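Throughout, read-outs are computed from the coordinates displayed, never taken from laboratory work. It should be emphasised that the depicted structure is a prediction, and the values quoted were computed from it without experimental measurement.
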Amino acid sequence: MAKRALARRTGARGLRSILEHILLDTMYELPTLDNVSKVVVDEAMVSADGKPLLIYSESQKVAGGSGA
């Protein structure tokens, strides 16, 4: 991201703009997704305008939910 910001001749605001562009769809989708524990942005996603990797946690067990 820093290389892209330097190429644009921008500083911290440029970094923020790049990150917001990458995460825009994810920011809207994330509240509706269950068990997402991390959102990972790597170099390949920044250079290829890909989507961030969503890492899901194991589903949480509810006490008394099994009936056993």
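Estimated at 0.36 nm per residue, the fully extended path between SER47 and HIS21 surpasses their Cα-Cα distance by 8.1 nm.
Here's how it looks for VAL36: its modeled amide H is under 5 Å from those of SER57, which are all 5 or more places away or on a different chain.
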